[in-house]
Structures are given as C-alpha cells and as structure tokens.
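Asks: Supplied in structure tokens, the structure appears directly below.
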Amino acid sequence: MVRSAGYCAAMAPDLLPGGASLTVAALYRFVPLPDHVALQPELLALCEELGIRGTLLLAPEGINGTVAGQSAAIDRLIAALREGPLFGGRLAGLDVKLSAASAMPFKRLKVKAKREIVAFDGGETDPARRVGTYVAPADWNALIDDPDVLVIDTRNAFEVAIGTFEGATDPATTTFGEFRDYVAGKLDPARHRRIAMFCTGGIRCEKASAYLLDRGFAEVFHLKGGILNYLASVPEAESRWRGGCFVFDERVALGHGLAEVPETAKGIRLP
C-alpha cells in the first residue's frame, strides 16, 4: 500500500476559509498518462488510507474526478497528486475546485482506469495539444454580453434545466458525446466566428473547444474553472447565472458562494 507520510510536507493552496470539516474537491488535468492502468491500484490505496470517497478516473489523456473527505485528507491528496512521486510531477498543473459539504456526499470510493476521463470521441480530440482561450470569471460577463458572441452551455439538458447563464444556448444533449452532432448540425465556422462555452468545472469545455478548433472555428472561448469557479468568484449582485449548478454528488446543486441549494429547490429550474 502507498504510504501517505511522504505526501504530508507540502499543503495544497486551495484551502477553504473557516476550516470546514468536510471538503469536496472537483479536479482534472489533461496530461499524457500512458501508465494509467499501473497507477490505478496505488491511487486507490492512497485514497483508502486517507478515508476519501468519491470517483477518480485515470486514462491515457489524464485524470478527472470528484472526491470528498476531511479537509486535511483532501489537502494531502492534492499535494500527493501535484507533488508526490506517484505521478512524478505530471499533475503539477492540476485544476482543483473546493467546496464544503454538510455531510459525506458519496457512498463509496471508486478509482477506475478508463479510455477517456470525459467520454466524447474515444480519445481522438486532444486538449493537451491545444484548447480555446480561457476567460477568467471576472471577464466572463463582458464576453457573454457581446451580441457577436454565441454562448453555449456544453452540459446535458437535465443540468441546464436546473440552472444556466442568461441567454445561453442549450444544445439539448443527453450525453456529452452528442455535442459533436450539435456542432455538425447547428454550427458553421463561416457564420459563428466567436463562440463562448461553459460547463461545470471546465473539463468538458476543454474537449469541446479543442474539437471546435480542429474543425476550423476561429475564436473559441471557455470559462476558466467552469461554473463552479464563477459562482465562487463573482458576487451574486453582479452575476449572470440563474438557478443552481448541478454537481455529481448527493448535494445535487450548488448556488452562489458554492452554497448547497435548499432541498426544496433541487431538481427544478430556480428563479
């Protein structure tokens, strides 16, 4: 079993204010991991040792997942991923979004070796090679207010129904792979010169933007850190977001400040 002692020296910088007892970490990184199958049992052992639950996916293209645990355990996991010997520094640029949970939002731990960390086209699109232009949350409102920009929600229809940005286009997909059909049937590089996309944490937009660039779309933007980063960064009074952001755990949806949406509001479109 991998021992965590070697990972304790460095603390991850993504710390929650107030020292919440349970922390949820949504994380991903597109980076070549040809040894992803061999990494799976060691990463599983580390998470078990730290008492972490949730799901982590490893694939030749990188890592993706959402996990929860005591704050100190999550700190140690993030430090291990970014700086520990298991990945040898390949995850130094790991993207992490932290939020709090009032109760453990996962029933079990799963660490899986997969073909893709976000299923799309079998791995043909390579976000590690190139992606669209990142837009910081502070600059997002100005971009989507531009009438020449087509704003697209790359998430699935049931997620859009819970909440989305004002004026965003819903591709009405049921799986992320269907986004390719939407592009083929509804988008044209000659007409849609400027496209801005967003998703929950940023990972789907990385693939979607790479896919559009490969098909000749000129200017492709995506919200850095996704909706979660926007809700954590932009004051509610200035926000263009309406509703809740669906998350893939038992909290169901988060709102501004990454607060849990009240139980009575979950599953419906919020005002």
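Quick note: the coordinates plus some simple rules give every number you see, no bench work behind them. Note that this is a predicted model, so its numbers are computed, not measured. Every residue, glycine among them, receives a Cβ derived from its backbone with ideal geometry; neighbour counts consider all protein chains shown.
Asks: What whole-number value in cubic angstrom gives the convex hull volume per residue for the C-alpha atoms of the range 91-245?
Replies: 137
Asks: On to the next question. What is the packing order of peptides 46-59, 232-245, taking the mean over residues of other C-beta atoms within 10 Å and listing the highest first? All intermediate terms of the calculation are to be shown ahead of the outcome.
Replies: Numbers: 46-59: 19.8, 232-245: 15.8.
Ranked from most to least packed, the peptides come out as 46-59, 232-245.
Asks: Go through 165-171, 151-157, 37-43 and give me the packing order, highest mean Cβ count within 10 Å leading.
Replies: Put in order of decreasing packing, that is 151-157, 165-171, 37-43.
Asks: Test of understanding: what is the full-extension gain from residue 130 to residue 194, defined as 0.36 nm times their sequence separation minus their Cα-Cα distance?
Replies: Working it through step by step, the gained length comes to 21.3 nm.
Asks: Next up: Simple spin-label model, 7 Å along Cα-to-Cβ: residue 172 to residue 102 in nm?
Replies: If labels sit at residue 172 and residue 102, their model points lie 3.7 nm apart.
Asks: While we're here: Give the lysines whose C-alpha is closer than 18 Å to that of residue 224, dropping any in the same chain fewer than 8 places away, or say none.
Replies: Counting by Cα, and skipping residues close in sequence, residue 224 has these lysines nearby: 97, 207.
Asks: Just report the Cα centroid separation between the range 194-258 and the range 94-138, whole Å.
Replies: 12
Asks: Right, next: State the extension gain, in nm to one decimal, for the chain segment bounded by residue 121 and residue 35, taking 0.36 nm per residue of separation less the distance between their alpha-carbons.
Replies: That pair, residue 121 and residue 35, stretches by 28.9 nm at full extension.
Asks: Next question. So how do 176, 158 line up by other beta-carbon neighbours within 10 Å, fewest first?
Replies: Fewest-to-most ranking of 176, 158: 158, 176.
Asks: With only alpha-carbon atoms in the gyration tensor, what are the semi-axes of the equivalent ellipsoid for the chain, in Å, largest first?
Replies: 30, 23, 16
Asks: For the residue pair residue 218 and residue 70, what label-to-label distance in nm results when each label sits 7 Å from Cα along the Cα-to-beta-carbon direction?
Replies: Calculated label separation equals 5.6 nm.
Asks: I want to make sure I understand the PRE zone here: with the label point 7 angstrom from the Cα of residue 180 toward its beta carbon, which residues in the range 204-233 have backbone N atoms less than 19 Å away?
Replies: Under cut-off, by backbone N: 204-217.
Asks: Given a Förster distance of 41 angstrom, what is the FRET efficiency for residue 250 paired with residue 142, based on the Cβ-Cβ distance and rounded to 0.05? Provide the component values of the computation, followed by the final result.
Replies: Working: r = 35 Å, r/R0 = 0.87.
Using R0 = 41 Å, I get an efficiency of 0.70.
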